[in-house]
Structures are given as structure tokens and as C-alpha cells.
Amino acid sequence: MVAKKSSKFVGNIAGGGKVSPHKHCRICHEPISVKAEPRVCKEQACIEQNEKDEKNQKTVRIAMFVFFGFFVVSTALPLLLQAVG
């Protein structure tokens, strides 16, 4: 019974529907073209928010690498000094 319903559901999604292929804006979730890159609509507010989000992600990524570097140095340096001395 469940298999019958799930196959019917998958069939409707796969190609039986009337919705053309599309993506959704990352900010406002409105349908946009499949070819849209970056994945935002043409609203200025969405474009600005996407740029802000990308900048924040880059900052967090850099901070993560810096803190990881501090962790590695603070762990490896005492071990090296103990092995040498």
C-alpha cells in the first residue's frame, strides 16, 4: 500500500506535473530561471542580502581556519618541544 502511494507521488513529481523547471531565490524564495547565477531574483534587496551573506560566509570561513591554525600550533608546538628537549 505504501509502495503504491509513494510510486504515485514520485511519478507526479518526476514529470507528470505542469510546473516548468525552475529554481528559487535564496532570499525571498520566488521562482527564478534555472540558469540564474547567483541564485537570486532581480530584486535589489535580494541581491544586496545575497552579497552580504556571501561576505559573512567568507569571514566565518577565514576565522575558522585561523582558529584551527591556533589549535594545531598550540597542540603540536608543546609536543615538538618535548620531543626535542
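The values are calculated or read from the model by the stated rules, or taken from the named source; none is laboratory data. Owing to the predicted nature of the structure, the values given are computational and were not obtained by experimental measurement. Counting neighbours? That spans all protein chains shown, and the Cβs are built from the backbone with ideal geometry, glycine included.
Worth a mention:
- Residue, farthest from residue 24 (Cα to Cα), within the range 41-61, restricted to residues that are among the polar types (S, T, N, Q) and in contact (Cβ under 8 Å) with a residue 12 or more places away in the chain: 49
- Single match in 37, 51 (criterion: surrounded by fewer than 10 Cβ atoms within 10 Å (Cβ to Cβ) and either charged (D, E, K, R) or modelled with pLDDT of 95 or more (or both)): 37
- Here the condition is being outside any strand (DSSP E or B) and modelled with pLDDT under 95; of 8, 58, it holds for 8 alone.
- Residue match in the range 31-45 (condition: in a helix (DSSP H, G or I) and either in contact with a Ser or Thr (Cβ under 6 Å, 6 or more places away or on another chain) or not acidic (Asp, Glu) (or both)): yes
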